[in-house]
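**Student:** Below is the structure I would like to discuss, written out as structure tokens.
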Amino acid sequence: MPSFVASSLFTASLGIWVQAASSLSISSSQCWHEYPFSTVNLQSSRDGNTYNIDHIQVTTVNPPSYAPWSYPPICTSILESVGDKLCVYTNTSFSNNRGISLFTTPSIAAHVLTLPPFQSPSDLSDQAINANSGAWYLSQLPGRGLGLLATKPMVFKDRVTAYTPVSIAYLETELSTMEREKFWRIAVDQLPEKSRSMYLDLATVYGIEQVKYQDVVKANTFQMEVGAKNHLAIFPETSRANHGCAPNAQYYIDPNLLTHFVHATRPIEKDEEILISYTSPLESTANRQDHLSHGFHFKCTCSRCTDTSSDAALASIQSLQKSLNDWSDSSSGSPALAEELLQLYRDEGLEGFMDVPYGFAALAYNAVGDEDMAREYAGKALELGLMKDGSWTISAQIWREMLKGPSGHWSYRMRML
Ligand SMILES: *[C@@H]1O[C@H](CO)[C@@H](O)[C@H](O)[C@H]1NC(C)=O
């Protein structure tokens, strides 16, 4: 039940939802469109004879002006902080009738329609997105609610899940809680029944029925950039993955495919729980506890949360990274230090976060002129970065560049001069 919302969104306005409930007045800002009907007369000609069928009146329905949305968009008035109105847009046939609802600005909705999932829907099915991967099943776990368990042994890089969100909502703090609830409710209620019920079956934080739709988001959302703005997205299947301090899986969101991917980052046994991290595992134990209890409302009990020895490991990681990042003549940076750093990450169970140490290793080997090892580690840094951040990051460009020819990189033989 991951949630990466600035918790102020909900808590700041939660206090006033009771008052707001009695003064709901959003009907004035709805913008329904009339459904356009037209009547046409058909004429048909056959065998050279003309059959007059003028008497048959055929009523056809033109494609609604709001296509490809399944319902007339329903909008707020202009929100000052957004600089535009926000509207609910639902396409119920999206991705083989999974459906998708957006609550966003008209221009961001228009942008979403230019993305591959709408322009070429087979991109999703070709990549088995929104298909059951067969890698996981849901199970009730003692004291932890539902969790995702492995149906079969998995290895590094195996895909666990790949799903598009059923709902995406612009991250704003201007609407009152009850107004927001009203729009989010429309967005979710317009979804196909299967997706709607998956959404409503998700865990909540507060258990307050009147704000149920936001409560689900509070407990389950992933932030997702759409049209360069933060949105709160709900991926009902993936939301069942619990938090791990030393997780065996890593996720990233592909903004072009609108898809949240989860991959195994180390071998996972059959029936082992699949975990992702809700916080940066490289933060101190106190910071992680704080974030999990305030942002996610649970006390983290995994060993890296309760045993502060992980803080000592983090201090060593930082100090090694500092040395490896020192390019002065007196630097102690070396391949041996880089290998030590890699081992520390493995010992902490942070295989899913090793893009950084792999990158340091690539540089450290290149700096002593070992092109083969530099290439090998640049490849690993790239591979891990793709599983963690996607393909459009600056570091992905750096490692791709180095893979073309380590000797052309600035770091080549830097520590041999
Ligand atoms: C929903 O979007 C798909 C494209 O992904 C389109 O083929 C379909 O017609 C849309 N549905 C409606 C109701 O317009």
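The values are calculated or read from the model by the stated rules, or taken from the named source; none is laboratory data. Because the structure is predicted, anything quoted here is derived from the model rather than measured. Cβ sites come from the backbone with ideal geometry, for glycine too, and all protein chains shown count toward neighbours. We work out accessible area using only protein heavy atoms, side chains counted, and drop any ligands, DNA or RNA first. Shrake-Rupley method; radii C 1.70, N 1.55, O 1.52, S 1.80 Å.
**Student:** Please work out the average accessible area per residue across the range 74-273, using the 1.4 Å probe convention, and give it in Å².
**Tutor:** 37
**Student:** Under the 0.36 nm per residue contour assumption, what length would be gained going from the current alpha-carbon distance of ASP389 and ALA131 to full extension?
**Tutor:** Once the chain is fully extended between ASP389 and ALA131, it gains 90.7 nm.
**Student:** A further question on this structure: How large, in percent, is the carbon and sulfur part of the accessible surface of the range 291-352 at a probe radius of 1.4 Å?
**Tutor:** The computed percentage sits at 50.
**Student:** To continue, here is another question. Hey, rough spin-label estimate for ASN96 and ASP290, points 7 angstrom out along Cα→Cβ, what's it come to in nanometres?
**Tutor:** Each label point lies 7 Å from its Cα, and together they span 4.6 nm.
**Student:** Heavy-atom accessible area per residue, the range 308-408, 1.4 Å probe: how many Å²?
**Tutor:** Averaged over the residues of the range 308-408, the accessible area is 44 Å².
**Student:** Follow-up question, since we're still on this one. Near GLY99, within a Cβ-to-Cβ distance under 9 Å, what is the net charge of the other residues, with Lys and Arg +1 and Asp and Glu -1?
**Tutor:** Within the 9 Å Cβ shell, the charges total +3.
**Student:** Could I ask something else about it? How high is the relative contact order of the range 74-273, in percent, counting Cα pairs under 8 Å that sit 6 or more residues apart?
**Tutor:** 26
**Student:** Post the alpha-carbon centroid distance, the range 166-191 to the range 303-353, in whole angstrom.
**Tutor:** What the calculation gives is 43 Å, centre to centre.
**Student:** Extension gain ALA336-LEU141, at 0.36 nm per residue separation less the Cα-Cα distance, in nm?
**Tutor:** Using 0.36 nm per residue and subtracting the Cα-Cα distance, I get 66.0 nm.
**Student:** Turning to a different aspect of this structure: For the range 193-329, what Kirkwood radius comes out of the mean inverse Cα-Cα distance, in Å?
**Tutor:** Roughly 17.3 Å, rounded to one decimal.
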